[in-house]
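Asker: First, the structure itself, so that you have it in front of you.
What follows is calculated from the coordinates using simple rules that are stated; it is not laboratory data. All figures in this text were calculated on a predicted structure; none of them were measured in a lab. Don't worry about glycine lacking a Cβ; one is built from the backbone with ideal geometry, like all the others, and counts go over all protein chains shown.
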Amino acid sequence: MAGTRNVTIDIIRTVAIVLMVIFHFAYDLRFFGWVDWNVPNGKGWKEFRYVILTLFFLSVGASLVFAHRQRVDFKSFAKRIVWIVIWALIISLFTYTFFHNNWIYFGVLHFIAVASILCLPLVRYPAIAAIVGVLTVVLFLTGVVTSKWPFNFWELGLPPSPNDYVALFPWTGVVLLGIGLGHLFEKGLDPCASLKLSTKITFLGRHSLAVYVLHQPIFFAILGAIYVVVG
């Protein structure tokens, strides 16, 4: 993020990544059979995930504004997208190998890569981005476009209930709304700026990609070891 950091964005992203870690930990406990919580589709858990994704994708849109507010830096943008795509493919390969019936073919990282590319042309046009964002959400809520679009057009042998699936509709709209929000932040709006926060508090949010990639392998290694020992 170029220039002065916006404390509010860092906090939003940090809260989102912390909640995501908690959500995945609950999922892992269920996976190993230690709890009977219906994660991720049970009552309350589904809404919990929606909150996480909303916060996360709003911060994605806002961060695009701060990274490219002067001009679109295609070099840094391409570099970041490449890294995201690489990790997304690794996650797909891993889950295809070990969780074939529910492997992740379009999860959070896949979505961020595609949505970032789709939303980049509007990064300097907040009003248009916000309008298109609202329309995107409305198209989903009214049933004009389903959450499976565009994957419902092909018979690709994709799992009907993939883990961590993130639909282009409505979530691309949330990223676009984040662009609108980012312009408000860029103009000086920073409700949390007065908070005397140590950078350590927002460390996870400022390194969200690394946290997202690493936390599940760590959880599985630790919980798997415990499962082997105590069952």
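Asker: Express the relative contact order of the range 65-221 as a whole percentage, based on alpha carbon pairs under 8 Å and six or more residues apart in sequence.
Answerer: 28
Asker: Considering amide H positions built from the backbone, and no H for Pro or chain starts, which residues 5 or more places from Asp73, or on another chain, come under 5 Å of its amide H?
Answerer: Sorted by chain and number, the residues that satisfy this come to none at all.
Asker: Right, next: With the crude spin-label approximation of a point 7 Å out along Cα→Cβ, what separation in nm comes out for Ile226 versus Val144?
Answerer: Label-label distance for Ile226 and Val144, simple model: 4.8 nm.
Asker: Also, quick follow-up: If you fit an axis through the alpha-carbon atoms of helix 126-141 and take the longest principal axis of the Cα set of the chain, what angle between them do you get, 0 to 90°, nearest 10?
Answerer: Once rounded, one gets 30 degrees.
Asker: Any chance you could give the angle, 0 to 90 degrees and rounded to 10, that helix 45-67 forms with the longest Cα principal axis of the chain?
Answerer: Value to nearest ten degrees: 40.
Asker: Which of these, Ile52, Ile131, Ile84, has the largest mean-square fluctuation under a Gaussian network model of the chain (Cα springs below 10 Å)?
Answerer: Ile131
Asker: With everything on Cα atoms, drop me the angle between helix 108-119 and the longest principal axis of the chain, reported from 0 to 90° to the nearest 10.
Answerer: 20
Asker: Along the Cα→Cβ direction, 7 angstrom out, place labels at Leu156 and Arg80. What is the inter-label distance in nm?
Answerer: Spacing of the two 7 Å Cα→Cβ label points: 2.5 nm.
Asker: Can you find, among Val175, Ile91, Phe153, the residue farthest towards the positive end of the dipole of the range 59-178? Put +1 on the C-beta of Lys and Arg, -1 on that of Asp and Glu.
Answerer: About the Cα centre, the residue reaching furthest to the positive side is Val175.
Asker: How much length is gained if the chain between Leu184 and Ala127 is pulled fully straight, taking 0.36 nm per residue apart and subtracting their Cα-Cα distance, in nm to one decimal?
Answerer: Values: separation 57, 0.36 × 57 = 20.52 nm, distance 1.10 nm.
This chain segment gains 19.4 nm when fully extended.
Asker: Right, next: Just name one of Leu109, Gly231, Val7: the one whose Cα is farthest towards the positive end of the charge dipole of the chain (beta-carbon charges, Lys/Arg +1, Asp/Glu -1).
Answerer: The residue sitting most towards the positive pole is Val7.
Asker: Can you give me the orientation-averaged projected area of the convex hull built on the Cα atoms of the chain, in nm²? Each step should come with its number before you reach the end.
Answerer: Details: hull surface 56.2 nm².
The Cα convex hull of the chain, projected and averaged over all directions, gives 14.1 nm².
Asker: Something else: Which one of Met20, Tyr165, Leu122 has its Cα pushed farthest toward the positive end of the charge dipole of the chain, where Lys and Arg give +1 and Asp and Glu give -1 at the Cβ?
Answerer: Leu122
Asker: Scanning the chain for trypsin sites (Lys or Arg not before Pro) in DSSP loops with at most 13 other Cβ atoms within 10 Å, what's the longest stretch left with none? Don't skip to the end; give the middle numbers.
Answerer: Details: sites that count: Lys43, Arg71, Lys187, Lys196, Lys200.
Counting only loop sites that pass the neighbour cut-off, the longest clear stretch is 72-186.
Asker: Still on this structure: Treating only the Cβ atoms of Lys and Arg (+1) and Asp and Glu (-1) as charged, compute the dipole magnitude of the range 36-128 about its Cα centre; round to the nearest 20 debye. Please list the in-between numbers first.
Answerer: Working: 9 positive and 3 negative charges, 77 e Å.
With only Lys, Arg, Asp and Glu charged at Cβ, the dipole is about 380 debye.
Asker: Can you give me the pair-distance distribution of the range 168-231, C-alpha pairs, 10 Å bins, whole percents?
Answerer: 16, 23, 32, 18, 9, 1
Asker: While we're on this one: Would you work out if the range 100-231 is rounded, prolate or oblate? Take a ≥ b ≥ c from the square roots of the eigenvalues of the alpha-carbon gyration tensor; rounded if a/c is under 1.5, else prolate when a/b is larger than b/c, oblate otherwise.
Answerer: On the way: a/c = 2.90, a/b = 1.14, b/c = 2.54.
Oblate, since a/c reaches 1.5 and b/c is not below a/b.
Asker: Related question: Would you mind working out the magnitude of the charge dipole of the chain relative to its Cα centre, with +1 at each Lys and Arg C-beta and -1 at each Asp and Glu C-beta, to the nearest 20 Debye?
Answerer: On the way: 17 positive and 9 negative charges, 126 e Å.
Charge dipole, the chain, about its Cα centre: 600 debye, nearest 20.
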